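In what follows, a single structure is set out as structure tokens and then discussed.
Read the figures in this text as sums done on the coordinates, not as results from a lab. Predicted model, so just to flag it, every value in this text is computed and none were measured. Here Cβ is always computed from backbone atoms with ideal geometry, including for glycine, and neighbour counts include all displayed protein chains.
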Ligand code: 5GP
């Protein structure tokens, strides 16, 4: 069985990665979302094991030491990382896996698994991004400023990604990512079995 795609989506906090990923999972019910581990506190209605696995810094560092985290990053003072085993299992079962990672996280994952498809999600404008961060109502003004400063630095790295998608509407961004996934699945390296089967007839 051919492996599923590992698709890593990055972009500034507030750009709407979570919503776009949720829409993609509706479009492709078979698609899996890699649940990350974080040392940040849960926000609002977030539950352990659903949005994130919430762990202490010490527990997180233990997971790193045991080699159970394939990539990790620190963001606004907290750890965020991808658990290795579920990622390998889901992809090995032929499932497409979507990840929501920081910019260095996507680039580090691509270094480890060069088959990773990296997508940078851009906001239509910086003012719209600020509006989305304020609209959440969960972040202080100080945190919004920190996230805006970080956003500009991240956007400068968009050129290191395989694809760039602008999130004007969730529907359009999800459609574009769906098109990328379909095209990636048709790459020769992922379809060579079909060619070999035909030639063997
Ligand atoms: P938030 O606190 O808003 O949920 O997430 C903050 C940032 O952490 C987001 O940009 C998100 O993409 C990133 N993030 C979430 N999980 C991971 C992970 O496993 N690894 C990395 N590198 N970044 C992550």
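Rounded to the nearest 500 deg cm²/dmol, what is the calculated helix-only ellipticity per residue at 222 nm for the chain, with -39500 (n - 2.57) per DSSP H run of length n ≥ 4?
Details: 8 runs with 93 residues, N = 201.
Helices in the chain give a 222 nm mean residue ellipticity of -14000 deg cm²/dmol.
Note down the nm distance, to one decimal, between modelled labels 7 Å out along Cα→Cβ at residue 169 and at residue 30.
2.8 nm
Two decimals is fine: what's Rg over Rh for the stretch 137-201, C-alpha atoms, Kirkwood radius as Rh?
Values: Rg = 19.6 Å, Rh = 15.6 Å.
So for the stretch 137-201, dividing Rg by the Kirkwood Rh gives 1.26.
Determine which residues of the stretch 69-89 fall in the zone a paramagnetic label at residue 56 would reach in this model, i.e. backbone nitrogen under 13 Å from the point 7 Å along Cα→Cβ.
none
At 37 °C and 0.692 mPa s, grab the translational diffusion coefficient of the stretch 1-87 from Stokes-Einstein with a Kirkwood Rh over Cα pairs, rounded to a whole number in µm² per second.
In µm²/s, the coefficient rounds to 231.
Run the numbers for residue 186 and residue 125: contour at 0.36 nm per residue of separation, minus the present Cα-Cα distance, in nm. Spell out each step's value before the answer.
On the way: separation 61, 0.36 × 61 = 21.96 nm, distance 3.26 nm.
Result: 18.7 nm gained on full extension.
What FRET efficiency would be calculated for the residue pair residue 66, residue 93, taking the C-beta separation as r and a Förster radius of 25 Å, to the nearest 0.05?
Details: r = 23 Å, r/R0 = 0.93.
Efficiency at R0 = 25 Å is approximately 0.60.
Under the definition of Cα pairs under 8 Å and six or more residues apart, what whole-number percent is the relative contact order of the stretch 27-181?
20 percent.
Compute the helix-to-body angle for 103-112: its Cα long axis versus the longest principal axis of the chain, expressed 0 to 90° and rounded to tens.
Value to nearest ten degrees: 30.
May I ask you to derive the relative contact order of the stretch 45-98, considering only C-alpha pairs under 8 Å and at least 6 residues apart, and to give it as an integer percent? Numbers along the way, then the final one.
Details: 32 pairs, mean separation 11.1, N = 54.
It comes to 21 percent, rounded to a whole number.
What is the distance, in nm, between label points placed 7 Å from the Cα along the Cα-to-Cβ direction at residue 145 and at residue 113?
Computed distance between label sites residue 145 and residue 113 equals 4.0 nm.
Express the C-alpha Rg of the chain as a ratio against the empirical globular expectation 2.2 N^0.38 Å, rounded to two decimals. The partial results should precede the final answer.
Values: Rg = 17.5 Å, N = 201, 2.2 N^0.38 = 16.5 Å.
Against the compact-globule rule of thumb, the ratio is 1.06.
Sort 10-20, 182-192, 30-40, 93-103 by the packing proxy (mean of other Cβ within 10 Å over each peptide's residues), most packed first.
On the way: 10-20: 22.3, 182-192: 11.5, 30-40: 18.1, 93-103: 20.7.
Taking the mean over residues of other Cβ atoms within 10 Å, the ranking is 10-20, 93-103, 30-40, 182-192.
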